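A.B. asks: After the structure tokens below, expect a handful of questions from me.
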Amino acid sequence: MIGVIASFAVGLVLSLGLTPLFIRFLVRHQYGQFIRQDGPTQHLTKRGTPTMGGVVFIGATIIAWLAGNAVNRTLPAYSSLLLAFLFVGLGIVGLLDDGIKIRKQRSLGLHAGAKIIMQVAIGSIFAILALMRPNEHGITPGSTAISVARPTGIDLAFVGIIVGGILFVLWVNFLVAAWSNAVNLTDGLDGLATGASIFVFGAYALISVFQVTQSCWGTTINTAACYTTRDPLSLAIFCAGLVGALAGFLWFNASPAQIFMGDTGSLALGGAVAGMSIFTNTEFLAVIIGGLFVIITMSDVIQISVFKMTRKRVFRMAPLHHHFELKGWKEITIVIRFWLIAALLAVIGVGLFYAEWVSWL
């Protein structure tokens, strides 16, 4: 497990060291955030704050993940390679989006159609590759079985492998789009999405480590409750590196933020949540682990749906954090309280994961 610790340390050090350098680069080239005119008025003071900060923690995470595997004297496992592909691929889509916003000085970046096509292409490649290259035990990184805390009896391949594969690709694209948009919506206050993501990926690091210790091909005692997860140690190393990189980035992203993660960071993080939920067989449990992202997304859905039907608003402004801003809450107060909610939900998610394992004893 030394590789997990090493990955966290490398991610933290790199992020702390590289973020101020990247801030200077962005300021020198005037790559600043464009602020929507229809948002809370206090956000107008943030106009020009350097953005695209996701570049730093994406890069730091990849280096930390490689370093952690090197410490363990192993090559990155296939599952973590796919996770890195999804993480970096969606980060590139976000980078293009941020770049257009900065260049054209508007709140809209990539054309919606182009953005969706790119996300679907990356998600589909990820899904197809996740069902390939079974290991010596015949296990592929992804599974057509729908999962809660482990695979259930509901299998997308109920009428055959081909249909199951198609349904799996659609399911993965739904998860990728849902989680990417959820993190993107949450990234509306200084440090909010960064801090919440630390708890989510910290939870997934713990889950992955537990799946290592309780692997069906390890020395576990409770064979009835063992896990068939593919490459859990390499996934834990990746999550640990990401937590370290996010912690270092938060030093500069906390209120008042010196840099924003931008779509570069939020899309990448959303993709990583989706990927980890698929590879750890916790697709529905992820709704609790990443519960803050879900709550904030649902506030936006509720606001839009009710307004279309009744022309009335449930919240003063959506997403939810803007509602509390307009009620007079200070930004730092909202962020800290939402962090606490994110932490509580992540702990509950891990607790439910452990309780499911205990139920097999």
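Every number here is computed from the coordinates shown, using simple stated rules; none is lab data. These numbers come from a predicted model, not from an experiment. Because the Cβ atoms are built from the backbone with ideal geometry, glycine has one as well, and the counts that use them run over all protein chains shown.
A.B. asks: With everything on Cα atoms, drop me the angle between helix 331-358 and the longest principal axis of the chain, reported from 0 to 90° to the nearest 10.
C.D. replies: On a 0 to 90 degree scale, this one is about 10.
A.B. asks: At 222 nm, what value in deg cm²/dmol follows for the chain if DSSP H runs of at least 4 each add -39500 (n - 2.57) and the sum is divided by all its residues, to the nearest 500?
C.D. replies: -22500 deg cm²/dmol
A.B. asks: Find which of LEU267, VAL287, ASN222 sits farthest along the positive direction of the dipole of the chain, computed with +1 on the beta-carbon of Lys and Arg, -1 on that of Asp and Glu, about the Cα centre.
C.D. replies: The residue sitting most towards the positive pole is LEU267.
A.B. asks: Mind listing the lone cysteines of the chain, meaning no other Cys beta-carbon sits under 4.7 Å from theirs?
C.D. replies: Singleton cysteines: CYS239.
A.B. asks: Continuing with the same structure: So if I take the centroid of the Cα atoms in the range 122-163 and the same for the range 321-361, what is the distance between those two points in Å?
C.D. replies: Between the Cα centres of the range 122-163 and the range 321-361 lies a distance of 30 Å.
A.B. asks: Compute the acute angle (0 to 90°) between the alpha-carbon long axis of helix 78-104 and the principal axis of greatest extent of the alpha-carbon atoms of the chain; round to the nearest 10°.
C.D. replies: Once rounded, the angle reads 10 degrees.
A.B. asks: Separate question: Which whole-angstrom value gives the distance between the alpha carbon centres of the range 1-32 and the range 221-286?
C.D. replies: 17
A.B. asks: Same structure again: Would you mind working out the magnitude of the charge dipole of the chain relative to its Cα centre, with +1 at each Lys and Arg C-beta and -1 at each Asp and Glu C-beta, to the nearest 20 Debye?
C.D. replies: So the magnitude is around 1120 debye.
A.B. asks: Hey, can you rank 145-158, 12-25 by average C-beta count inside 10 Å, highest first?
C.D. replies: 12-25, 145-158
A.B. asks: In debye to the nearest 20, how big a dipole does the range 220-361 give about its Cα centre with +1 on each Lys and Arg Cβ and -1 on each Asp and Glu Cβ?
C.D. replies: Charge dipole, the range 220-361, about its Cα centre: 700 debye, nearest 20.
A.B. asks: A further question follows. Arrange the peptides 56-63, 346-353 so that the one whose residues have, on average, the most other Cβ atoms within 10 Å appears first.
C.D. replies: Taking the mean over residues of other Cβ atoms within 10 Å, the ranking is 56-63, 346-353.
A.B. asks: Taking the dipole about the Cα centre of the range 212-361, with the C-beta of Lys and Arg at +1 and of Asp and Glu at -1, give me whichever of SER277, LEU340, TYR354 is farthest to the positive side.
C.D. replies: With unit charges placed on the Cβ atoms, the residue in question is LEU340.
A.B. asks: I'd like the orientation of helix 54-71 relative to the chain: the angle between its Cα long axis and the longest Cα principal axis, in ° from 0 to 90, rounded to 10.
C.D. replies: 30
A.B. asks: What percent do you get for the relative contact order of the range 280-332 when only Cα pairs under 8 Å and 6+ apart count?
C.D. replies: Dividing the mean separation by the residue count of the range 280-332 yields 24 percent.
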